[in-house]
Amino acid sequence: MSSERREFQRLHLAKPILALLNGKQNALILDIGVGGGLIEHHGLARPGDRFDLAFRWKGEDVQFTCDVMRSRVVRERAMSATSHTGVHFVEAAGDSAAHLNDLMATFVGKVLAAQRANASGDGGGEHALTLEQIGGARRARSHGWITYRLQNGIWKVSSSNSSHQPPDGFTVGAHEVEEELQALCQTYEVADEEGRRLIRLVAELSARAVNTVSS
């Protein structure tokens, strides 16, 4: 995983994911993104602490070495404390990064498909599958990024040398398929503000993958 420390979009989990810290302490993942997450756990944590975070997704083990970025006590009793701790993913074990991408694309795809179905009445099923492909295994031998910005109802598309996500659109890797991106644009147009934030989260999966594409 990149050592980049900037904040990425994070997915708030309506149902937290059960996880383990250092293979022995139970924890709950409350938010998760490509660069880190927010976890709830017993005890205290300090910025700079490092531990392993592990969980299961679709029957696969997912594990990251994490650095603590911030932590605060949210509940305190006589002999124990419960903390919310923001972590940065330092290193992924095995295929954990790919499993994380699949997790987020799946969750976000379902949310956005439901929003699109409510707006257009088309059911949204096919589009949910499209979203799950963004940032997936299919890669063309191309480099760089493409930024889509919705300005005054018109999409402005331009090449970019940065994976930065704009506030009025999204940035993806140049390898993505045009048909899927057009569908993503359509979903963006009917999504609310939270839905648009989630689209940027999915776009980050694609944008970060550019760094791993070989020439």
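With Cβ to Cβ distances under 14 Å as the rule, what net charge do the other residues near Asp95 carry (K, R +1; D, E -1)?
Value of the local net charge: -2.
Pull up the cross-link candidates among the lysines for Lys58, meaning alpha carbon to alpha carbon under 20 Å and not fewer than 8 places away within one chain.
Lys15, Lys110
What FRET efficiency, computed as 1/(1 + (r/R0)^6) with R0 = 35 Å and r the Cβ-Cβ distance, is obtained for Asp49 and Ala14, rounded to the nearest 0.05?
0.80
In the neighborhood of Arg149, defined by Cβ-to-Cβ distances under 10 Å, what is the net charge if each Lys or Arg adds +1 and each Asp or Glu adds -1?
Net local charge, Arg149 excluded: 0.
Sort segment 48-89 into rounded, prolate or oblate with this rule: let a ≥ b ≥ c be the square roots of the eigenvalues of the Cα gyration tensor; rounded if a/c is under 1.5, and if a/c is not under 1.5, prolate when a/b is larger than b/c, oblate otherwise.
Note, shape of segment 48-89 comes out oblate.
Using a ≥ b ≥ c from the Cα gyration tensor of segment 10-94 (square roots of the eigenvalues), is it rounded, prolate or oblate, where a/c under 1.5 gives rounded and otherwise the larger of a/b and b/c decides, a/b for prolate?
Prolate is the answer for segment 10-94, as a/c is 1.5 or above and a/b outweighs b/c.
Have a look at Gln63, Met79, Pro16 and report the one farthest towards the positive end of the charge dipole of segment 10-94, computed about the Cα centre with Cβ charges (Lys/Arg +1, Asp/Glu -1).
The one lying farthest along the dipole's positive direction is Met79.
Taking K and R as +1 and D and E as -1, what net charge do the other residues with C-beta under 12 Å from the C-beta of Ala19 add up to?
Net charge in that neighbourhood comes out at -1.
Rule-based calculations on the coordinates, nothing more; no lab input. Note that the structure is a prediction, hence the values are computed from the model and not measured. Cβ coordinates were reconstructed from backbone atoms using ideal geometry, including for glycine residues, and neighbour counts include every protein chain displayed.
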